[in-house]
Each structure stands twice: as structure tokens, then as C-alpha cells.
Amino acid sequence: NPVINTAFEWTGSSVTLHAALPAAQAIPAVLVALHTLPLTATVTLAGSLNNSTWWTVPMTVQAGPMVAFLTGKTAQYLELRITGATGAKIGWWWAGTPFQPSHNASTLTLSRVYGMARGSGLNPAALYRGAGQGGELSWNTGDSGWLETADMTELLALAQRVKTYHDEPFALTPSIHSPTETALVVMNTDELEFTDVLRFQDRSATRYLSASIPLRAVLV
């Protein structure tokens, strides 16, 4: 679960996490986050339809969130096979279909945020507490980036989840071509406003919506 400071920890250098899904389904993406895996660790994702024959995909180990975007992978059983990680922890393991809007965002502003505890005085010393990535994600009907009805439904479902679970973090990948840039963020607003260029009067299934989501960094 994406709960900061809560994690699964093991003894020894190797561990295998096994998950049995209710039914076979496509696995477009997998995320491992809030972890303390050393860069020398090896992480392999494995999937199976029968719990016997497995496909495997290596995951790139890095200090921050680790994401693998998969093509044509289906499984009912998943395993996360980890070696070379003595005393490490994993806080969040997720697999499923990520939200990908119908159109590119009009604006995606990313900011590197540092958490510093500062003293007082003319030139106060500072204690480094962590770092993360914040910014803003927006769509605007005035250009090539806008949201459609299905996008609004999914964004509202995301908002309902993260707000119900006390501003739970979620993972943001700016581009599927750069999964190493994935960051954990918090929806830094308690109000989502959608503007329809047709003022919600069009009876067709497609709407042309603008929206903006400020993002607060998760400092780790």
C-alpha cells in the first residue's frame, strides 16, 4: 500500500512476493515504490496463467519508484523475485492498468522539491530531510490537450480514492518512454474543477474539458 513509513521487510538477501489475482487479466504496468532496495539488487517480475509456466521481465532498480510498462502480458499469478537486497523493504507493489488520458496534457510542470529543516540566525544551518517532485498537470480545450468524458470519470475515481484514503500518494510518469522519471505525488487540492467548452450542452458522448491538478511532492 502507498502508506509512507509502512513496509514489508525481510531477512536474508532474497525474497519472492507471490500474488494470485481473481482471474487472468492483462498486466500493462507494474510499480514498485517506497522501497529501500540497493542499486545492486536484482528485481524480476514474473507472470503466469497456470502458476507453472512463467514469463519474466527484469525491472530497472533505482532509488525512487520503479515502473515497468508491459506489452502483451497476461497473468493470473504474479511474482516479484528479488535477490541481493539484504534487510531491504518494499512499501508498495502495484500491478494493473494506469490512467492514460485521451490527449497529452497542455501543461506538465515538474519541480524538484527539497525538505530542509532550518535553524535560526543570520546564516542558519539546514538539515536535509528528503526530496521529491511536485508541479502541475493541466489540460486546456484551447489547444491540443483536453479531457473527454471517460477521462473525467477516471480522474474523479482517482480523486475519490486518494482523498478517501487521507491524501494517499499516487505515481506520476510524465512519459511512458521515460519510466525512470516516475515520481510519487499528492493531489494538492480538495477541489477539482472541470470546464466544458460546450458548457455541458452537447448530447454526444464526447466532451471537451479543461482541468488542472496541482501536485505536491512526496519527500522521501
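Values computed for the structure shown
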| read-out | value |
| --- | --- |
| GNM top mover of Leu147, Leu78, Leu122 - the chain, alpha-carbon springs below 10 Å | Leu122 |
| With at most 11 neighbouring Cβ atoms within 10 Å, loop GluC sites (Glu not before Pro) (DSSP) excluded, longest segment of the chain | 1-190 |
| Residue among Ser14, Ser120, Ser175 with the largest mean-square fluctuation in a Gaussian network model of the chain, springs linking Cα atoms under 10 Å | Ser120 |
| Magnitude of the charge dipole, segment 75-156, Cβ model with Lys/Arg +1 and Asp/Glu -1, debye to 20 | 680 debye |
| (i) 8, 37, 39, 14, 0; (ii) 8, 31, 35, 18, 7, 0; (iii) 7, 27, 32, 22, 10, 2, 0, with the label sought being that of the calculated P(r) over Cα pairs in 10 Å bins from 0, in percent | (iii) |
| Percent carbon-and-sulfur accessible area, segment 159-220, ignoring ligands, DNA and RNA, probe 1.4 Å | 48 percent |
| Solvent-accessible area, 1.4 Å probe, carbon plus sulfur percent, for segment 80-137 | 49 percent |
| Gain upon complete extension [Val57, Gln201; 0.36 nm per residue less C-alpha separation] | 47.1 nm |
| Estimated [θ] at 222 nm from DSSP helical runs (n ≥ 4, -39500 (n - 2.57)) normalised by residues in the chain, nearest 500 | -2500 deg cm²/dmol |
| Cα-based Rg of segment 141-185 normalised by 2.2 N^0.38 Å, two decimals | 1.39 |
| For the chain, size of Cβ-based charge dipole, Lys and Arg +1, Asp and Glu -1, in debye | 520 debye |
| Accessible area expressed per residue, the chain, with surrounding protein chains retained (probe 1.4 Å, Å²) | 57 Å² |
| Residue-span extension gain [Trp94 to Thr164] - 0.36 nm each, minus C-alpha spacing | 23.3 nm |
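The values are calculated or read from the model by the stated rules, or taken from the named source; none is laboratory data. Bear in mind that the values here come from a model prediction, so they are computed numbers and not experimental data. When we count neighbours, we look across all protein chains shown, and the Cβ atoms used for this are built from the backbone with ideal geometry, even at glycine. Accessible surface areas use protein heavy atoms only, side chains included; no ligands, DNA or RNA. Shrake-Rupley method; radii C 1.70, N 1.55, O 1.52, S 1.80 Å.
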